[in-house]
1. Any residue that is within 7 Å of chain A (Cβ to nearest Cβ) and within 17 Å of B:Met212 (Cβ to Cβ) - is there at least one of those in segment B:107-118?
2. Which of (1) over 21 Å from B:Ala226 (Cβ atoms); (2) loosely packed, with under 12 Cβ neighbours inside 10 Å does B:Leu26 not meet, given it meets every other one?
3. Return the residues of segment B:157-176 that are in contact (Cβ under 8 Å) with a residue 40 or more places away in the chain and within 11 Å of chain A (Cβ to nearest Cβ); say none if nothing qualifies.
4. Tell me yes or no: at least one residue of segment A:97-115 is surrounded by fewer than 19 Cβ atoms within 10 Å (Cβ to Cβ) and modelled with pLDDT under 90.
5. With the requirement that a residue be facing another protein chain (nearest Cβ under 8 Å) and free of Cβ contacts under 8 Å to residues at least 12 places away in the same chain, what does segment A:45-67 give you?
6. Cβ-Cβ under 8 Å, sequence separation 6+ or interchain: first residue in segment B:5-27 and without any contact (Cβ under 8 Å) to a residue 24 or more places away in the chain, partner assigned to a helix (DSSP H, G or I). Which pairs?
7. Kindly indicate whether B:Thr174 is on the phi < 0 side of the Ramachandran plot, of a type outside the set (A, V, I, L, M) and buried (at least 22 other Cβ atoms within 10 Å of the Cβ).
8. Based on what the data block shows, is B:Ile154 more than 8 Å from chain A (Cβ to nearest Cβ) and among the β-branched types (Val, Ile, Thr)?
Amino acid sequence: MIYGVAILAACMFLGTTIGEIIGLLTGVNSDVGGVGFAMLLLLLVTNCKKITNLLPNGWEKGIQFWSAMFLPVIIALSASQNVYSALSGGVLALVAGLAVVAAAFLFLILLNTLAGKVEAKKNSKEAEQ
Amino acid sequence: MKAVLDIMVDFFTGNGFIASFIVVGLLCLVSDFISKKITKGRIHASAIAIVLGLVLAYIGGVVMNSGVDPATGVQYKKGLADIAMFTGVGFLGSSMLRDFTIVSTAFGAKISEIKKCGLVAIIALFLGIVSSFVFGGVVAYAFGYKDAVSVATIGAGAVTFVVGPVTGDALGATAEVITLSIAAGVIKSIAVMLVTPVVAKKVGLTTPRAAMIFGGLMGTTSGTTAGLAATDPALVPYGAMTSTFYTGLGCLLCPSVLYALTELIL
């Protein structure tokens, strides 16, 4: 089980390092997409039979445990948000925050429909060939 | 009796991380009960747990009155976790464990789905940042902030609550405007947590592709992953994958290109 946890931690380490390096190169000086890279690394490593065959049985449990802990972590995270001061931030903050979310949902409908049409076209073309 | 109570409180204060499992476990138990018995399964238990978490965070803020820690002089800002016996909840919900568990959810995601959505996810990222900046900026302008620095800082805050202060510091915005930009970002994050499970089906947020677009448009990693967790846990890795690029990209674009454009317009 520890191997799964160690792989997970190593992926996060490498991913964050990649993100920080990109941040350095672009002058942002913070992590750019480190978690995303870590996720891709984890996918690559755990799908590589050459690596996973070397591990004793049950290594997956180490990753599955933390995956199951995701929701509790998110609940703890929601309990440690600065809700009080956000709500006392006044009407401007409230309006700005809500307007942005409403706009993003509209764009989601738009982009998702467009992407669906593009994909359908691609599929029908492939079917013709 | 008082001694026993003291021992219990001491355990919570001294073993915060362990105690946080009890707190969150109880929260889940209560949420499960409310979901099954009161809403008859109509509202997901995880959505209720997140709402209860936010309510506790608010109560934490009221109890500490958003004051200053007498020992360190640091402003209280972690909701329930500012109360000494619940600091462990803050550790369990820290960005370190958040990111660690998010990465673990990738286990079981499909690489093919991610590859398929590369282009539209990138479009969503840019559209998400620019539109948040514009809408946030317009609201700031409507509320009487007419200078480019303030408009850009509040606009950046509407991108995420990290991008706001980063941009404000870079441009030399006033402390008041920076605080406002953080508040706007936190409101956005909370709104995404609460609204997503309610509207998910209506806006078509049911597929990995939609989740990747969603992550790119909303950006706030906490809000996006919590919102998706309360909607369909299987979608979490896809939304997280794109949202994790959002803050970095926002820190890159807001103080530079987007600020320059704001200055041109105003």
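The values are calculated or read from the model by the stated rules, or taken from the named source; none is laboratory data. Bear in mind that the values here come from a model prediction, so they are computed numbers and not experimental data. Counting neighbours? That spans all protein chains shown, and the Cβs are built from the backbone with ideal geometry, glycine included. Heavy atoms of the whole protein, side chains included, go into the accessibility calculation; ligands, DNA and RNA do not. Shrake-Rupley method; radii C 1.70, N 1.55, O 1.52, S 1.80 Å.
1. Yes, there is a match, as at least one residue in segment B:107-118 is within 7 Å of chain A (Cβ to nearest Cβ) and within 17 Å of B:Met212 (Cβ to Cβ).
2. The failed condition is (1).
3. Within segment B:157-176, B:Val159, B:Thr160, B:Phe161, B:Val162, B:Val163, B:Val166, B:Ala170 qualify.
4. So far as segment A:97-115 goes, no, none of its residues is surrounded by fewer than 19 Cβ atoms within 10 Å (Cβ to Cβ) and modelled with pLDDT under 90.
5. Within segment A:45-67, A:Asn47, A:Ser67 qualify.
6. Filtered contacts from segment B:5-27: B:Phe11/B:Ala19; B:Gly25/A:Pro72.
7. No; evaluated as a whole, the condition is false for this residue.
8. Here the answer is no, as B:Ile154 does not meet what is asked.
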